[in-house]
Each structure stands twice: as C-alpha cells, then as structure tokens.
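As structure tokens, the structure follows; a few thoughts come after it.
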Amino acid sequence: MTSSPRANSTAQWRHLDAAHHLHPFSDTKALNAEGVRVITRAEGAYIFDSEGHKILDGMSGLWCSAVGHGRGAIVDAIADQLRQLDYYNTFFKTTHPGAAELSAAIAAVAPAGMEHVFFTSGGSEAVDTVIRMVRHYWASVGKPDKTVFVARHNAYHGSTMGGASLGGMAPMHAQGGLPIPGIVRAAQPYWWAEGGDLSPEDFGLKAARDVARAIDAAGADNVAAFIGEPIQGAGGVIIPPATYWPEVQKICRERDVLLVSDEVICGFGRTGEWFGCQYMGFTPDLITFAKGVTAGYFPLGGVIVGDRVAQGLIEHGGDFNHGFTYSGHPGGCAAALATLKIMQDEDLVARVKCDIGPYLQQRWRALADHPLVGEARMVGLIGALELTPHKATRAKFSGEEGTVGQLARDISFREGLVMRAVRDSLILAPPFTLSEPEADELIATARRVLDATLAEVRLRGLWGADLV
C-alpha cells in the first residue's frame, strides 16, 4: 500500500474529499455535486480559501475560535507540551501538571461554589457525562429513582446518542433510533416565533412554567435534572426574556431537581461574562463546556461540578465508572491554559461586555430597519437576524421553511462573510478580537447580503403575494 500524493489545487482537494470524506450534517451526494469550499489558512478574524478569497469568520469557526486565528502562543504551548509529554491518561491513579493546573484555572473563573472539573474530548461527551454523572449522584445519595431529564424543544446538546437525545431537534431524532428513554420535553423561550401577543416578560414566565409542568408530569421524585443552554445557539440564537432563567431556577430548587447549564457555546466569555448563566442570572449545579476553552486549537471539553454534586459523588459515589482516553489530554490542557492566559492578559471578557460587544450590537440592531429583518438581537458577541416577509405579524415566507435562510447564507459566503442559517434566520458569533473597522466591514457586508437576498426572494416569488 502506498500513500496518496499531496494535493495542491482546489480541483484535487475536491476530488479527494468527494472520494473519501463523509462530512458531518451534510447530504454528501448533493455536496459532492456542488463542490466543497477548501479553507487553506486563517489569520485574526479571517479565513482564506484555496481560490484566494478572504472571508470574515463571523462564526468563529464553529463558535469556538474566540481569540482569533493564528495565535502563536497557543500553538507554541501545545508543541512544547507534546515535546515534553505527548500523552498520558488520567486513569490508573495518575494525573499530569496540565490537568491539575487547568482544573484549578477553570475553577478560578467558574461561578462560586463550583470547584471541580471532569474532562472530556468535547461538548457532546460532556453532555453524555452529565447524564451518567447526575444519575450516579442521585443513586449514591439514596434516590435511585431520579433518572429522568427535562430538556427543551429545539435545543442542541451535541451529536452523541445521549447528547442528541437530550437535544430537541426533530431531524436528528428521525435517524438512529433516537431519542433514548428517560427524557421529557419543555417549551423553548422563543418569543419572536412563539410569543404571540404576550410581552417578552410574560412569555418568559410562561415558558419557564412549562418546565414545571414537565417536571410535575413526570413526578419530581423521578426527575434528575433540567438541562438548557443559557442562549440556544444552534437552535437559532434564541435569547430568553429576562424573566425566564430566574423562574426556571426557582422551579428546579423547589422540586429538588438539578439544574444543568450547557455552556459549550456560551461559556468562556461569549456573552460578556465568563459563563452565560452569570449573564442570565442563575446558578447551576453543573456546567458543560468545550469550544471556547481552547479557542478551537485543540479538542477539549468537560463538566464543571458544583459543590453539592461533587461532595455527594466524593463521599458516597465510590468509583465513577466513566471516562475517555483523552480526558485531560496534555495537549488540550496546554491549549486551554494558553487560551485562558490570553483572555485574561487582554481582558477579552470585559472587551466583549464593554467595548467591541456594545459597538457591534448597536450596528447589528440597526439592521432591523431592513425590509427583510423582523428582529435583530445580540448579547455579547452572539446574535441573530430573523428574516420575515412581514415584520408586524412575524410571518413566515411562502415555500419550504429554511429556503430564504439558506439562500442568504450562500450569498453571505459569496460576499465574504461567514454567517450561519438556522431556518429563515442568520446567526453570528465573531471572535472576541474583532476590531471596530472589522465590525464595520461585517455590518456593511451583512447589509449587502440582505439587499441581495431580498432581490432574490422577490424574483423567486417567495415573498408571498398577500404581503408584497
């Protein structure tokens, strides 16, 4: 067997990709027919493709490249670590300096009362860990019947069997025999699409009380935890009304149900606080994390465990028969420590909260004056544009849902800006290092995208005759 030669052109890379690569969340046949975009390098807030196009990375890779591309300090930290200790596990009564130091560094920025960390390779594994950890905790403290999880419709909690089951996305549940048993659903706090005539504040309380309904229907003595993203990212950057999370916390505390904050997207500064739960004003029992902790430079995730659960497991749980080969990988820990140092040295969380965040938010929200935009919302550096043919009624477009969003997404790439489409909306999560001129470029490009999309929508007759 001989190794294949290195490709050096777009056509060759596309040929190899089509012949051998099965992409995640993709129709491979359709993708191969269209031809993939080949990204060859990245620097700062930009990525570059094999045909020389410079593209503003408005999604921070996949929500993760928070400190920008091309950070030599992180690359050097990984390389130095791998030269000294390329790998060892954290099983067998062992640790290594990176795992010990990173767990302490994460505890130092976590909400008060959250002092312990369990490491995984990424966010989906972190969510699966929560399922096993929470059920083991309740069994260890004498309540083995508490096994049921409450999760929301349209939530995204990863793509493993457990994570995809907790997630509330119908296309994922249509494949692979999902969801697994032991999960019940509650409403999402999506005021723009589902709030009707209610004020955002009243709708937030209504959505929170649906969590109480779900718990009570299953029986609080059977419910282990409620899990939710502070802001639903892949669901469409759904920002709950301010009334929602405090009421959810109250409901969970009254019923002795653990509260899990899935911070794979919101954690490590995205909202302008270290964790999204701090921005939203609630205190969870467990936090899942990944993505931003290493800024995408190395796969690493985990669970931050509050004192109640940690002490229950330590004092009563015995062996926790769970873990991964790469739990606390030395390279991942080095990447995370270097990332946290950059975030602290450059005060990037405060920059998101007080500087570039407000600067971009003001300009992003001004896009609501466009005929195509029903709502322009943003917290920190995570935002969405709801596209609609009729602002007052928050109507949907004629034709298949998602057509306009996908059209706008493709135009955006063509214009030099990565935005993601979710249904008929565009979502954004740029790096924390975004400069003001880059933010201005982003907004100018987004407006061009909206203009081009509007013209195409009218040309294709997707506007709806009754709403012209």
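The values are calculated or read from the model by the stated rules, or taken from the named source; none is laboratory data. The shown structure was predicted, so the numbers you read here are calculated from the model rather than taken from an experiment. Backbone-built Cβ (ideal geometry, glycine too); neighbour counts: all protein chains shown.
Out of the residues in segment 253-287 that are among the aliphatic types (A, V, I, L, M) and farther than 17 Å from V134 by Cα, state the one that is surrounded by the fewest Cβ atoms within 10 Å (Cβ to Cβ).
Pass one, segment 253-287, residues among the aliphatic types (A, V, I, L, M): 257-260, 264-265, 280, 286-287.
Pick out the ones that are also farther than 17 Å from V134 by Cα and you get 264-265, 280.
Numbers: V264: 28, I265: 28, M280: 23.
It comes out as M280.
Going by what's in this entry, would T294 be described as hydroxyl-bearing (S, T, Y), over 22 Å from H96 (Cα atoms), touching a Gly at 6+ places or on another chain (Cβ under 8 Å) and outside the structural domain of S60 (by TED's automatic domain parsing)? Quick ask: steps written out before the conclusion?
Numbers: hydroxyl-bearing (S, T, Y): yes; over 22 Å from H96 (Cα atoms): no; touching a Gly at 6+ places or on another chain (Cβ under 8 Å): yes; outside the structural domain of S60 (by TED's automatic domain parsing): yes.
So T294 does not fit the description; no.
Six or more apart or on different chains, Cβ atoms under 6 Å: show the pairs whose first residue is in segment 401-416 and exposed (fewer than 15 other Cβ atoms within 10 Å of the Cβ) and whose second is outside any helix (DSSP H, G or I).
Going by the 6 Å Cβ cut-off, the qualifying pairs are E401/R423; Q406/A421.
Give segment 297-323 a look and list any residue that's farther than 27 Å from V257 by Cβ and surrounded by fewer than 22 Cβ atoms within 10 Å (Cβ to Cβ), or say none.
Residues of segment 297-323 that are farther than 27 Å from V257 by Cβ, as a first pass: 297-300.
Of everything in segment 297-323, just one residue is farther than 27 Å from V257 by Cβ and surrounded by fewer than 22 Cβ atoms within 10 Å (Cβ to Cβ), namely P299.
Does segment 240-260 include one or more residues that are out of contact with any His (no Cβ under 6 Å at 6 or more places or on another chain) and closer than 18 Å to M59 by Cα? Working first, answer last.
Initial filter on segment 240-260 (out of contact with any His (no Cβ under 6 Å at 6 or more places or on another chain)): 240-260.
Now drop any that are not closer than 18 Å to M59 by Cα, which leaves none.
Checking segment 240-260: not a single residue is out of contact with any His (no Cβ under 6 Å at 6 or more places or on another chain) and closer than 18 Å to M59 by Cα.
Would a scan of segment 440-462 turn up a residue that is surrounded by fewer than 19 Cβ atoms within 10 Å (Cβ to Cβ), under 26 Å from E273 (Cα atoms) and touching a helix residue (DSSP H, G or I) at 6+ places or on another chain (Cβ under 6 Å)?
yes
I'd like to check which helices (runs of 4 or more DSSP H) are fully inside segment 114-175 and have at least 3 residues that are in the same structural domain as G219 (by TED's automatic domain parsing) and crowded, with 21+ Cβ neighbours inside 10 Å. Don't jump to the end; show me each part of the working.
Details: elements: 123-140, 161-166, 170-173.
The qualifying helices (runs of 4 or more DSSP H) are 123-140, 161-166.
Can you run down the residue pairs with Cβ atoms below 8 Å, 6 or more apart or on separate chains, where the first is in segment 143-155 and under 11 Å from P189 (Cβ atoms) and modelled with pLDDT under 95 and the partner is charged (D, E, K, R) and assigned to a strand (DSSP E or B)?
none
So which residues in segment 269-283 are of a type in the set (V, I, T) and within 19 Å of F432 (Cα to Cα)? Walk me through it before giving the result.
To start, the set of residues in segment 269-283 that are of a type in the set (V, I, T) comprises 271, 283.
Selection gives T271 alone.
State the number of residues belonging to segment 403-440 that are part of a strand (DSSP E or B) and either among the aliphatic types (A, V, I, L, M) or outside the structural domain of I55 (by TED's automatic domain parsing) (or both).
The initial filter retains those residues of segment 403-440 that are part of a strand (DSSP E or B), namely 417, 420-421, 425-428.
Still in the running and either among the aliphatic types (A, V, I, L, M) or outside the structural domain of I55 (by TED's automatic domain parsing) (or both): 417, 421, 426-428.
Going through segment 403-440 one residue at a time, the tally reaches 5.
Inspect all residues belonging to segment 224-232 and state whether any of them is assigned by TED's automatic domain parsing to the domain that holds P284, outside any loop (DSSP other than H, G, I, E, B) and of a type in the set (S, T, N, Q). Lay out the reasoning, then the answer.
First, the residues of segment 224-232 that are assigned by TED's automatic domain parsing to the domain that holds P284: 224-232.
Remaining after also requiring outside any loop (DSSP other than H, G, I, E, B): 224-228, 232.
The next check asks that each one be of a type in the set (S, T, N, Q); those that pass are 232.
For segment 224-232, residues assigned by TED's automatic domain parsing to the domain that holds P284, outside any loop (DSSP other than H, G, I, E, B) and of a type in the set (S, T, N, Q): present.
I'm checking my understanding of the structure. Among residues of segment 327-380 that are more than 19 Å from the chain's Cα centre (by Cα) and of a type in the set (K, R), which one is farthest from I443 (Cα to Cα)?
K341
How many of the residues making up segment 26-61 are touching a residue at least 12 places away in the same chain (Cβ under 8 Å), in a loop (DSSP other than H, G, I, E, B) and surrounded by fewer than 12 Cβ atoms within 10 Å (Cβ to Cβ)?
Qualifying residue count for the region: 1.
Hey, any hits in segment 242-263 for a residue that's farther than 20 Å from A212 by Cβ, free of Cβ contacts under 8 Å to residues at least 60 places away in the same chain and not hydrophobic (A, V, I, L, M, F, W, C)?
Scanning segment 242-263, I find at least one residue that is farther than 20 Å from A212 by Cβ, free of Cβ contacts under 8 Å to residues at least 60 places away in the same chain and not hydrophobic (A, V, I, L, M, F, W, C), so the answer is yes.
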